[in-house]
Each structure stands twice: as structure tokens, then as C-alpha cells.
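Participant: After the C-alpha cells below, expect a handful of questions from me.
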Amino acid sequence: MGGCFSDVKGGQQAVGGTQQRPIGGGDVGGGNNGGYNDAVDLFFRARGQHGLFSQIELSLSASKLRDRDVMSKSDPMAVVYLRKGDGMLEELGRTEVILNSLDPAWIEKISLAYHFETVQHLVFHVYDVDTKYHNIPVKTLNLKDQEFLGEASCVLSEIVTKRTWSLTLSLHNKNLQVGLRDLGTLTIHAEESVASRTAVEIIFRCSQLENKDKFSKSDPFLRISRVVESGGSLPICKTEVINNNLNPSWTALCLSMQQFGSKENPLVIECFDFDTSGNHVLIGKLQKSMADLEKLHKERNGANFTLPASHHSHEKVLKSQLFVDQFCEKQQYSFLDYISSGFELTFMVAVDFTASNGNPRNPDSLHYIDPSGRYNSYQQAIMEVGEVIQFYDSDRRFTAWGFGGRAYDGTVSHCFNLNGSPDGYEVEGVEGIMAAYAGALHNVSLAGPTLFGQVINRAAQIAGQSLSYSHSKYYVLLIITDGVLTDQQETMDALVRASDLPLSILIVGVGGADFTQMEKLDADRGIRLESSTGRVATRDIVQFVPMREVHRGSVSVVQALLEELPKQFLTYMRTRDIKPHSPTPP
């Protein structure tokens, strides 16, 4: 088969079909950080920054890679970059890791916008991922820790002008350095994204699989590939591995029309016995279209697997069968479908007033207000995030709190109204937040410690109360902080409770503190938060951004927020089957 697909769980998890893929609005379930995002596009188009483009997905495969592992084969992953005008590389996305393979065909697609009026230089790097990193999500891997296998480059238009929309490139050393010459090849296949919102949720089950293990039962998983016009096939997803079972039933897959093409498009379904070495044994295969699978479900019939013909025998029809226990067509709505139908984002902000920020009167304080008008890190975060969120909020009345300061009544508070009002916590627009923040610096003494729990619980209370009169509001809490959490467990408990509510939390870290704790709150590593009672968060609602990375130019607050927020928004709406409002008749 050429290896197993890995991100976490040593290659045994599902890839490509376990979550609903959004039609724009962030990538749900993928590692592609640089692809098209309709929320980002709308935000910039509103400012006149747009061009004519077509949405493209790239599928990657490689052949005859260098083997850098002593006891096994390389575990390759590909990274795709866009070379910018200044020569710097902007990462567009990463594939999954495929274990023990020198001829990988990656499932994870790389999405990007093809701008007709621009020459887009693409650079591809292939790495051998060290075994000790196999349980770490690819988006968090430090590439310097991985073994470099080769590089290739081309212009995007070279791919899309080919009749097959495929291009094969020879891999070479970085910057064409002299060294090993035969590093293998990389093939890039491009497809224009399908705008259809149709998706199919499907549950597969098998019976009487042949046992391929000597001392136990097989550990089966399915790989599904779509047959393309050139006659080859592109892998689109795989199920999780079910250990020691000859009659497995897998978790539901959700496949978009972008993945399966059309209901008549042939799909190749292969069943393998998983092996940790990557040398998985084929149990059987069959070819069916989505229409065929739907018919199997309706008629409650099974389809027999076959083993391909060999030099010594004809194709063998097996007793092993594939069944479709569930086949459900559904509509996948995008982030903009909800926003354009009247759903709103409501902005909340909480500012850290702990003493570790330094005296606001001193120029080296993180709270120092520069007379020249230059923003400090708190002001910059408020302005950049607020500018994005107010774009999606009609009344532009925002909640503003402070925490960790000695408030107007003389007591240390971990959730006080930034404007000093005992009753009203709302201010008018981003300008109102900025004015309330500046006023609070004159009236609130910095204290401590750094506690998030009360602010998160208050935000969750407001979000929860909104459900009694509307399901059209979604809240975004921005917490700006410089310090190390004192109440990490209380914060985790509050986040787990809030994961059931229409709420996302963006934490922006300012200053040079160690933000390891904050990164643990952000479940980007694939491990959901767990409360002190053992309850697991229903979804990831936290995004952490260190402001020092913004200052270095390695990340934009706008991009960081809108990369995660639409995904979190859509996960909430879809899991509760909340649909966009129907258009009002004229």
C-alpha cells in the first residue's frame, strides 16, 4: 500500500473524512494553514483588496524517495510554500506523515487561490519525520528537527495549463546544492474546488474478513480513492484502524462532493490489515460509486471484496463483504452562509491589569501610553481583533472588562467593568474599548494574581443566556495577558463548560513571558481539554497568539483569528444542526 497515514496515534487514526469539510471559512480537520478562507477573503475584499482568482486543491505523491531510516523506510511529509516577491517563503500547508514509504500518496490536500494575474512560485519540501514525533500533529512539528529529503519548485500556472493538471518534478537538494542527484520525484495534481455544498455521511461495516495475522485477528482499516480522468486514482480518506476484529464497523465518514467528485464517479475501496511497520497487507478491494453505495444501503446488501489477479491466478472473489450501515446526504453551509443570513459575532475583551505589566507611567511598561500615538501591545491587539469582529456585528456594542487590578472600589477584582460603570459593561465600538482602557489605566491600580476563570465564566454566562432568545449570536472573547496563569485548573474547568456554548476565546500573549501554559489551553495538538472531574471539552474553543510573533511578522492577528474562528463557529452550529436563516420573502 505504501505506508500508513499518520498525524497522531501512530498512523491508526482516520484522515480526510472524519469531520465535515467547510465550503470555505477555515479548514476543518486539516493541517493546511495557508489555504483560501472565505472569512479572510470577505474581510479584505471589503477593503478593496481582491483580484480575480479560482480556488485550487493540490494533491501530492512522490516516488523513489531517499531512504534515511536504518531499520525501516522513511516516514515522509510534504510542505508547500509560496515564494513571495521578497524571496521569503510563506507556508501554505502540510500533508500528513506516511509511515515507512518511499512512494507516498498523501491524502491531505493543500488549498490555495490561483490568481490569474499573478505569477505564483510554489516550493515543495519533503521531510522524513523522526519516529519520536509521530504522535504530534504535523502543524506543530519543528521542521528543523526533521530529515530533509528533497526540494522541488514550479509556477502554479505550469500545473493548471497541463491537459491532465498534473506535473512531475525531480527532487533536488536545497538551493540546488551539489550532492546526491537522484532524490526521487514529486507529482502535483491540481483540481478546481467544487462549490457544491453536498456532503455524504456514511458508515461502513465489513463481515468475514480474511485473517492475515498469525497470533491474533487482523487490524482492518479502509482506504478510499477517487478514480480520475487520467486513469489513476487519488486517495481521499481512510478510516481509523480497528484492532483485532474481522467484523469491524467504523466511525462515520463525512465526504464532500469536492472529495468524491460526483455520485457516478468510481471510487476504489481497499481494506488493509494494519502493520506498525507500514507494510500493510491487502485484505481485499472493490470499486463502487457513491450511487452504488447508496443502493447497497437502501437494499441492505453487501458487496464482495476481491483480490487482484496475479501472474499465477485470476481475480479472486472473497467471502468478505462491505456493508453501508448509514448513507445520509446533507448540506454543508459555510461561515458566510450563516453571516449573510443574519448570524452575528459579538465581541468581548478582557485586559490584564496585573502588576507584572509594569508601572503604566514608565516607558518600559506594557501598558505605557505613548504620547506620539504609537500603540502598545494591548492597544494593537484590541484594534486589530476588534476591527475584524466589528465587521460581523451590526450594533457594535462590545463588552469590556479588566482583571487582576485594584478596581474603583479599592478591592482586587478579577472581572471588573473597564469603563468604571457599576452596571453597564458595554461600550460603543472599538473606539469605546480604547477609551475605556486608557481611562482605566488612570483609575485602576495594577495588582494580581493572573486569573482567567472569572472572566471566562462571566462570558459563558452571557453566551448561555443568549440561547433563551436567539441562536443567531456567537461570542468571541479576547483575553490579552502578559503573565503566567495562577488558576490553570479553574481556567480549564471553565473552558470545558464553555465548550458547549456559542463562544470562542482568543488569548493574545504580550511581553516576553513563558506562555507554555497558554499553548496547553489551545487544543491544536489534537488533545482536548479535560476538567478536574474528568469531563472532556466537546470542541476546541481557544486560539492562542503570542504578540511577539506578530511583531516579528510571522503571523497576522487577523489571519490567526480567522483561521480558527470560522472552524469553531461551524463546529458549534453543525453539531447542533443549526442552519442559516431562510431568506425573507419579498
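Participant: Working only within segment 111-147, note down all residues that are part of a strand (DSSP E or B), at pLDDT 85 or above and in contact with a helix residue (DSSP H, G or I) (Cβ under 7 Å, 6 or more places away or on another chain).
Facilitator: Selection gives LEU122, TYR127.
Participant: Hey, among the residues in segment 519-548 that are farther than 14 Å from THR140 by Cβ and at pLDDT below 80, which one's surrounded by the most Cβ atoms within 10 Å (Cβ to Cβ)?
Facilitator: Across segment 519-548, the extreme among qualifying residues is MET547.
Participant: Considering (1) touching a Phe, Trp or Tyr at 6+ places or on another chain (Cβ under 8 Å); (2) charged (D, E, K, R); (3) in contact (Cβ under 8 Å) with a residue 40 or more places away in the chain, say which one GLU387 fails and leave the rest.
Facilitator: The one condition GLU387 does not meet is (1).
Participant: Give the residue, chosen from ALA381, ALA407, ALA435, ALA400, that is within 29 Å of GLY512 (Cβ to Cβ) and either of a type in the set (Phe, Trp, Tyr) or surrounded by fewer than 18 Cβ atoms within 10 Å (Cβ to Cβ) (or both). Before you say what the answer is, go through the steps one by one.
Facilitator: Values: ALA381 fails: either of a type in the set (Phe, Trp, Tyr) or surrounded by fewer than 18 Cβ atoms within 10 Å (Cβ to Cβ) (or both); ALA407 fails: either of a type in the set (Phe, Trp, Tyr) or surrounded by fewer than 18 Cβ atoms within 10 Å (Cβ to Cβ) (or both); ALA400 fails: either of a type in the set (Phe, Trp, Tyr) or surrounded by fewer than 18 Cβ atoms within 10 Å (Cβ to Cβ) (or both).
Result of the check over ALA381, ALA407, ALA435, ALA400: ALA435.
Participant: For segment 422-451, enumerate the residues that are of a type in the set (Val, Ile, Thr) and either in contact with a Phe, Trp or Tyr (Cβ under 7 Å, 6 or more places away or on another chain) or in a loop (DSSP other than H, G, I, E, B) (or both).
Facilitator: VAL427, ILE433, VAL444, THR450, listed by residue number.
Participant: Considering only residues of segment 184-231 that are over 30 Å from GLN55 (Cα atoms) and among the acidic types (Asp, Glu), which is most open to solvent (accessible area, probe 1.4 Å)?
Facilitator: Here the residue is GLU210.
Participant: So ASP487 clears everything in (1) surrounded by fewer than 24 Cβ atoms within 10 Å (Cβ to Cβ); (2) under 23 Å from THR346 (Cα atoms) except one condition, right? Which one?
Facilitator: Only one criterion is unmet by ASP487, namely (2).
Participant: Suppose the filter is open to solvent by less than 50 Å² (accessible area, probe 1.4 Å) and more than 30 Å from LYS162 (Cβ to Cβ); does LEU234 pass it?
Facilitator: no
Participant: So is TYR392 aromatic (Phe, Trp, Tyr), out of contact with any Lys or Arg (no Cβ under 8 Å at 6 or more places or on another chain), at negative phi and crowded, with 17+ Cβ neighbours inside 10 Å or not?
Facilitator: yes
Participant: Still on this structure, please answer the following. Looking at ILE242, is it open to solvent by less than 40 Å² (accessible area, probe 1.4 Å), touching a Lys or Arg at 6+ places or on another chain (Cβ under 6 Å) and among the aliphatic types (A, V, I, L, M)? Break it down stepwise before answering.
Facilitator: Working: open to solvent by less than 40 Å² (accessible area, probe 1.4 Å): yes; touching a Lys or Arg at 6+ places or on another chain (Cβ under 6 Å): no; among the aliphatic types (A, V, I, L, M): yes.
Considered against the rule, which asks whether it is open to solvent by less than 40 Å² (accessible area, probe 1.4 Å), touching a Lys or Arg at 6+ places or on another chain (Cβ under 6 Å) and among the aliphatic types (A, V, I, L, M), ILE242 comes out as no.
Participant: Restricting to segment 276-296, what's the tally of residues that are out of contact with any Phe, Trp or Tyr (no Cβ under 7 Å at 6 or more places or on another chain), surrounded by fewer than 19 Cβ atoms within 10 Å (Cβ to Cβ) and not in a helix (DSSP H, G or I)?
Facilitator: 6
Participant: So, LYS263, is that one touching a residue at least 12 places away in the same chain (Cβ under 8 Å) and touching a helix residue (DSSP H, G or I) at 6+ places or on another chain (Cβ under 6 Å) or not?
Facilitator: When the stated conditions are applied, LYS263 passes them.
Participant: Restricting to segment 220-242, and then to whatever is in contact (Cβ under 8 Å) with a residue 60 or more places away in the chain and part of a loop (DSSP other than H, G, I, E, B), can you tell me which residue is nearest to ILE107 (Cα to Cα)?
Facilitator: THR239
Participant: I'd like to check something: does segment 412-421 contain any residue that is among the β-branched types (Val, Ile, Thr), under 19 Å from GLY358 (Cα atoms) and assigned to a loop (DSSP other than H, G, I, E, B)? Don't jump to the end; show me each part of the working.
Facilitator: Residues of segment 412-421 among the β-branched types (Val, Ile, Thr): 412.
Narrowing further to those that are under 19 Å from GLY358 (Cα atoms): 412.
Add one more test, that the residue is assigned to a loop (DSSP other than H, G, I, E, B), and what stays is none.
No, every residue in segment 412-421 fails to be among the β-branched types (Val, Ile, Thr), under 19 Å from GLY358 (Cα atoms) and assigned to a loop (DSSP other than H, G, I, E, B).
Participant: How many residues are open to solvent by 10 Å² or more (accessible area, probe 1.4 Å) and either more than 18 Å from LEU82 (Cα to Cα) or of a type in the set (A, V, I, L, M) (or both) when one looks only at segment 100-123?
Facilitator: Qualifying residue count for the region: 6.
Participant: Answer with yes or no whether ASN419 is polar (S, T, N, Q) and either surrounded by fewer than 18 Cβ atoms within 10 Å (Cβ to Cβ) or closer than 20 Å to VAL545 by Cα (or both).
Facilitator: No, not satisfied.
Participant: Another question, then. From the residues in segment 152-171 that are more than 24 Å from ARG66 (Cβ to Cβ) and of a type in the set (S, T, N, Q), which one is surrounded by the fewest Cβ atoms within 10 Å (Cβ to Cβ)?
Facilitator: So the residue we want is THR161.
Participant: Additional query: Specify the residue that is nearest to SER377 (Cα to Cα); the eligible residues are those in segment 490-518 that are assigned to a loop (DSSP other than H, G, I, E, B) and open to solvent by 10 Å² or more (accessible area, probe 1.4 Å). Even if it seems obvious, please write down each step before you answer.
Facilitator: Pass one, segment 490-518, residues assigned to a loop (DSSP other than H, G, I, E, B): 499-502, 510-515.
Now restrict to residues that are open to solvent by 10 Å² or more (accessible area, probe 1.4 Å): 500-501, 511-514.
Numbers: ASP500: 31, LEU501: 29, GLY511: 8, GLY512: 12, ALA513: 14, ASP514: 16 Å.
Across segment 490-518, the extreme among qualifying residues is GLY511.
Participant: Do you know which residues across segment 276-296 are without any contact (Cβ under 8 Å) to a residue 40 or more places away in the chain and either under 30 Å from LYS73 (Cβ atoms) or not charged (D, E, K, R) (or both)?
Facilitator: Residues satisfying the conditions are LYS285, LEU286, SER289, ALA291, LEU296.
Participant: I've got another one for you. For GLY511, indicate whether it is at pLDDT 70 or above, more than 15 Å from the chain's Cα centre (by Cα) and closer than 26 Å to LEU366 by Cβ. Before the answer, list the steps.
Facilitator: Working: at pLDDT 70 or above: yes; more than 15 Å from the chain's Cα centre (by Cα): yes; closer than 26 Å to LEU366 by Cβ: yes.
Against the criterion (at pLDDT 70 or above, more than 15 Å from the chain's Cα centre (by Cα) and closer than 26 Å to LEU366 by Cβ), GLY511 qualifies.
Participant: If you don't mind, another one. Out of the residues in segment 130-151 that are in contact (Cβ under 8 Å) with a residue 60 or more places away in the chain, open to solvent by less than 50 Å² (accessible area, probe 1.4 Å) and over 17 Å from the mean Cα position of the chain (by Cα), state the one that is nearest to ASP67 (Cα to Cα).
Facilitator: LEU149
The values are calculated or read from the model by the stated rules, or taken from the named source; none is laboratory data. Just so you know, these numbers come straight off a predicted model, no measurement behind them. As a convention, Cβ positions derive from the backbone with ideal geometry for all residues, glycine included, and neighbour counts pool all protein chains shown. Just so you know, the surface numbers come from the protein's heavy atoms only, side chains and all, with ligands and any DNA or RNA stripped out. Shrake-Rupley method; radii C 1.70, N 1.55, O 1.52, S 1.80 Å.
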